[in-house]
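The values are calculated or read from the model by the stated rules, or taken from the named source; none is laboratory data. These figures come from a predicted structure and were not determined experimentally. Please note: Cβ atoms are built from the backbone with ideal geometry, for glycine as well, and neighbour counts cover all protein chains shown. When the accessible area is computed, the model is the full protein with side chains, heavy atoms only, and any ligands, DNA or RNA have been set aside. Shrake-Rupley method; radii C 1.70, N 1.55, O 1.52, S 1.80 Å.
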Amino acid sequence: MNIKKSLFISLILSAVMIITSLNSWEFDAAMCTIPPNVVYDTHCEKIGWQVWQQCGNTSGTIARSKRIECIKIKLDDLTGDYLDSHVEYRVHCQSYGWMSWVKDGALAGTTGQAKRVEAINIRLQGSISNDYDIYYRVHVQKHGWMPWVKNGELAGTTGQKKRIEAIQIMLVEKN
C-alpha cells in the first residue's frame, strides 16, 4: 500500500472515531444538579404511565418496540430566584404533527388513541434559563439513542413515521 493511500485511510478512520465519540457522549452523575431538578413521566403503548424519572434516567422502554404516546415534564425543588421558572415542551405526534406548547406537568401527546410521539422540543423559561441548560435525548425506532440536544432543539424525527420509545432528560448547570 502506498504512503498516500495509507495516510488517507488513517485520516478517515480518525475522523470516524472523533464523530462517533461526539455522538456517544454521556453525562455522568456529577453533572446532575439537585436542586433544582427536572422530573418526567411517559405513557407507553400497552403499559400506560411509567414512574416519574429524573437526572437523566430512562423513561419509556428499550428493546420492547413500544411507542411513547404522551409525556409530562416538570421542574422540582424550585427555590428562591427560580420560583418564576417553567419547563415548556411540545411533541410531534402521529396524525397531528406538532402539537401546542405545554408546561409544568401538562400532557403533551395523546392517551387512548394509539398515536406515536415522533419528536420533542423542551426549553426552560424564567430565571432558571440563565443558570441551567436542559439536555435531552430520545431512543427512536430503528435508530437507537439519538445524540443529546438542548434548550429547545429537536430530538427525534419528523416525516419518517418512527416512534420514540424512550427519553432521558437532565438539567446541567452552565459554566
> At residue 62 and residue 47, where each label point lies 7 Å from the Cα along Cα→Cβ, what is the point-to-point distance in nanometres?
Replying inline: 1.2
> What's log10 of I(q)/I(0) for the stretch 86-157 at q = 0.19, 0.22 Å⁻¹, Debye sum over Cα points only, no solvent?
Replying inline: -0.79, -1.00
> Per the Debye formula with a single identical scatterer at each Cα and no solvent contribution, what log10 I(q)/I(0) holds for the stretch 120-173 at q = 0.19 Å⁻¹?
Replying inline: -0.62
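How much length, in nm to one decimal, is gained on full extension between residue 125 and residue 175, taken as 0.36 nm per residue of separation minus their Cα-Cα distance? Intermediate values should be presented prior to the final figure.
Working: separation 50, 0.36 × 50 = 18.00 nm, distance 1.85 nm.
That pair, residue 125 and residue 175, stretches by 16.2 nm at full extension.
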>> So, for the stretch 26-140, what is the accessible surface per residue at a probe of 1.4 Å, expressed in square angstrom?
In response: 45
>> Two decimals, Cα atoms only, Kirkwood Rh: what is Rg/Rh over the stretch 44-114?
In response: 1.01
